[in-house]
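**Q** Would you mind keeping the following structure in view while I ask a few things?
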Amino acid sequence: MMMTVVPAGLNETKDRLIIIDQTLLPNEEKWLELDKAEDIWEAIKKLRVRGAPAIGIAAAFGLYVCSLKSQATSVREFRKEFEEIRDYLATSRPTAVNLFWALDRMTERFEKEENKTLDEIKEALLDESEKILREDQAMCKAIGEYGLSLLEPKMGLLTHCNAGGLATSGYGTALAPMYLGHQKGYDFKVFADETRPLLQGSRLTAYELSKAGIDITVICDNMASQVMKEGKIDAVLVGCDRVAANGDTANKIGTSGVAILAKEYGIPMYILGPTSTIDLNTPRGTDIVIELRDEDEIGNSFGRRTAPKGVKAYNPAFDVTDAEYITAIITDKGIVRPPYTENLKKLFDKNIH
Ligand code: MRU
């Protein structure tokens, strides 16, 4: 059984965005219905919906449901409102490229339909957001199949953060080979870094893998070296928020440390992500904007003081793993190996452009 929750979709009447509030997991499964731009922005900012592909899907549906409320009587007026909401949603989080990718897709579709009636344009926006979701499901499945081709039954796998069904609309990215392998009786032993400060690993990855009946063990982030040294890890599988043209990869804070450890111990480090997360317009990792989050996520974790009041905390939400530490980037269009600048470009020339 895979994770069947689609973390961002539409309600039955297709006029509200529905998301499962991931800040409450694993203790409470609460669904939110949203149709105001401010609430959708807040849901992305506060990580109620999170994970690069899921943010993109939520933003696309969000833009659509907000556009339904428009009182505009001309396409020009409607377009102005559409762009205002789009630009506002784009300010919610800076690192995951999928947010901008999905908003661009919606804009391109709008432009394609611009000579139609307002109702037809709205219908097209609905169609585009549903397409983004369906495509993501297919991409996750393909990533899972490519990923599984690199793994053997009974392997020990380490993952960081949550790159599963909750972060996408299907099997996830890094977790996709685990789900597919589980269906084939691979009997993986999965380890999840708990992923401070917001515990996406222990709250979300452990939640969805245990629900699926996959053998999952949570470790604190600082235990990865010991667990690798004990020989329990055969491969590291993580997701990504933005892959630069040279292969440098932004993912949840702590990923680059895991990659450096993996290299030291001779363990393959795989990045798994859809082509929508690869950003050839960003040349290097140093060009990626890293989101800085509230100090309280560290000093006042989950509503209780975990550092003395008044002590400063520094809270970058992501880090960049340099391409040299990455064994392969597993995409929906195939497995890319170094040299990444050349091979990512080839992948896009062949499949995307
Ligand atoms: O801050 P988050 O929880 O949105 O960070 C998520 C990650 O870093 C994931 O690993 C990444 O988005 C890939 S999700 C398929």
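The values are calculated or read from the model by the stated rules, or taken from the named source; none is laboratory data. This is a predicted model, so every value here is computed, not measured. Here the Cβ is made from the backbone with ideal geometry for all residues, glycine too, and neighbour counts use every protein chain on show. For accessibility, only protein heavy atoms count, side chains too; no ligands or nucleic acids. Shrake-Rupley method; radii C 1.70, N 1.55, O 1.52, S 1.80 Å.
**Q** Tell me which aspartates and glutamates have Cα within less than 12 Å of Lys189's Cα, excluding those fewer than 8 residues away on the same chain?
**A** Glu152, Asp215, Asp234
**Q** If N is the number of residues in segment 203-269, what value comes out of its Cα radius of gyration divided by 2.2 N^0.38 Å?
**A** The reported ratio for this selection is 1.21.
**Q** What 222 nm value per residue comes from the helices of the chain, counting each DSSP H run with n ≥ 4 as -39,500 (n - 2.57) and dividing by all residues, nearest 500 deg cm²/dmol?
**A** Using -39500 (n - 2.57) per qualifying helix, the result is -12000 deg cm²/dmol.
**Q** Calculated FRET efficiency, Asp87 and Asp187, Cβ-Cβ r, R0 51 Å, to nearest 0.05?
**A** 0.60
**Q** Mean separation of Cα pairs under 8 Å and 6+ residues apart, divided by the residue count of the chain: what relative contact order is that in percent?
**A** It rounds to 16 percent for the chain.
**Q** Continuing with this model, one more query. Once you have a ≥ b ≥ c as the square roots of the Cα gyration tensor eigenvalues for segment 152-242, tell me rounded if a/c is under 1.5, and otherwise prolate or oblate according to whether a/b is larger than b/c.
**A** Values: a/c = 1.60, a/b = 1.04, b/c = 1.54.
It is oblate, given that a/c is not under 1.5 and a/b is not larger than b/c.
**Q** Let me ask another. With the cut-off at 20 Å, tell me which of the pairs Lys154/Lys229; Lys14/Lys80; Lys232/Lys333; Lys46/Lys252; Lys252/Lys350; Lys36/Lys80 have Cα atoms farther apart than that. Walk me through the numbers before you get to the answer.
**A** Details: Lys154/Lys229 18 Å; Lys14/Lys80 23 Å; Lys232/Lys333 30 Å; Lys46/Lys252 15 Å; Lys252/Lys350 29 Å; Lys36/Lys80 17 Å.
Distance filter (> 20 Å) returns Lys14/Lys80; Lys232/Lys333; Lys252/Lys350.
**Q** Next question. Using the alpha-carbon atoms, what tilt in degrees (0 to 90, nearest 10) does helix 75-89 show relative to the longest principal axis of the chain?
**A** Roughly 20 degrees between the two axes.
**Q** Taking the C-alpha atoms of segment 1-111, how large are the radius of gyration and the largest Cα-Cα span, Dmax, in Å?
**A** Looking at segment 1-111, its Cα Rg and Dmax stand at 13.9, 48 Å.
**Q** Ordered by packing density, taken as the mean number of other Cβ atoms within 10 Å over each peptide's residues, highest first, how do 86-94, 16-24, 168-176 rank?
**A** Peptide ranking by packing, descending: 168-176, 16-24, 86-94.
**Q** May I ask what percent, to the nearest 5, of DSSP beta bridges between residues of the chain are antiparallel?
**A** 45 percent
**Q** Can you classify segment 143-352 as rounded, prolate or oblate using the Cα gyration tensor, where a ≥ b ≥ c are the square roots of its eigenvalues, rounded means a/c under 1.5, and otherwise it's prolate if a/b beats b/c and oblate if not?
**A** Judged from the Cα gyration tensor, segment 143-352 comes out oblate (a/c at least 1.5, b/c at or above a/b).
**Q** Evaluate E = 1/(1 + (r/R0)^6) for Thr117 and Glu33, where r is the Cβ-Cβ distance and R0 equals 25 Å; express this FRET efficiency to the nearest 0.05.
**A** 0.35
**Q** Quick one: check the C-alpha center-to-center distance for segment 287-340 versus segment 201-259, whole angstrom.
**A** 12 Å
**Q** Let me ask you something else. Whenever you get a sec, compute what percent of the accessible area on segment 153-215 sits on carbon and sulfur atoms (1.4 Å probe). Numbers along the way, then the final one.
**A** Working: 870 of 1600 Å².
For segment 153-215, the apolar C and S fraction of the accessible surface comes to 55 percent.
**Q** Using only the alpha-carbon atoms, how far is helix 340-351 inclined from the longest principal axis of the chain? Give it as 0 to 90 degrees, nearest 10.
**A** Roughly 50 degrees, rounded to the nearest 10.
**Q** Non-local amide H neighbours of Ala328 (under 5 Å, H modeled in plane, Pro and chain starts lacking H): which ones?
**A** For Ala328, whose amide H was placed from the backbone, the distant partners under 5 Å are Met269, Ile271.
**Q** Something else now. Arrange the peptides 288-295, 196-203, 268-275 so that the one whose residues have, on average, the most other Cβ atoms within 10 Å appears first.
**A** Per-residue mean Cβ counts within 10 Å order the peptides as 268-275, 196-203, 288-295.
**Q** Another one. Accessible area per residue of the chain at 1.4 Å probe, in Å²? Before the final figure, lay out each step's value.
**A** Values: 15120 Å² over 353 residues.
Accessible area per residue: 43 Å².
**Q** For the chain, modelled as a GNM with alpha-carbon contacts under 10 angstrom, which of Phe302, Phe188, Phe100 fluctuates the most?
**A** Phe302
**Q** Using the Cα gyration tensor of segment 51-95, with a ≥ b ≥ c the square roots of its eigenvalues, what is the shape: rounded (a/c below 1.5), prolate (a/b larger than b/c) or oblate (neither)? Show your work: numbers first, answer last.
**A** On the way: a/c = 3.68, a/b = 2.09, b/c = 1.76.
Taking the square roots of the gyration eigenvalues as a ≥ b ≥ c, segment 51-95 is prolate.
**Q** Which whole-number percentage describes the relative contact order of segment 209-316, with Cα contacts under 8 Å and a sequence gap of 6 or more? Working shown, then result.
**A** Working: 120 pairs, mean separation 25.8, N = 108.
24 percent.
**Q** Turning to a different aspect of this structure: Can you give me the relative contact order of segment 143-352 as a percent, contacts being Cα pairs under 8 Å and 6 or more apart? Mind showing how you got there, number by number?
**A** Values: 439 pairs, mean separation 44.0, N = 210.
Here the relative contact order equals 21 percent.
**Q** Taking the chain on its own, what percent of its Cα-Cα pair distances exceed 40 Å?
**A** 11 percent
**Q** Helix 118-148 versus the longest principal axis of the chain: what angle, 0 to 90°, nearest 10, using Cα atoms?
**A** That works out to roughly 10 degrees.
**Q** In terms of Cα to Cα distance under 13 Å, which aspartates and glutamates are near enough to Lys309, apart from those fewer than 8 places away along the same chain?
**A** Within the straight-line limit of under 13 Å, Lys309 reaches these aspartates and glutamates: Glu295, Asp296, Glu297.
**Q** Please name which of Asn281, Asn246, Ile233 has its Cα lying farthest along the dipole of segment 143-352 towards the positive end, using unit charges on Cβ (Lys, Arg +1; Asp, Glu -1) and the Cα centre as origin.
**A** Farthest towards the positive pole: Ile233.
**Q** With the chain treated as a Gaussian network of Cα nodes joined by springs under 10 Å, which of Ala224, Ala72, Ala142 yields the largest mean-square fluctuation?
**A** Ala72
**Q** Where the accessible area of segment 8-140 is counted over protein heavy atoms with a 1.4 Å probe, how much of it, in %, is carbon and sulfur?
**A** On segment 8-140, the fraction of accessible area on carbon and sulfur atoms equals 48 percent.
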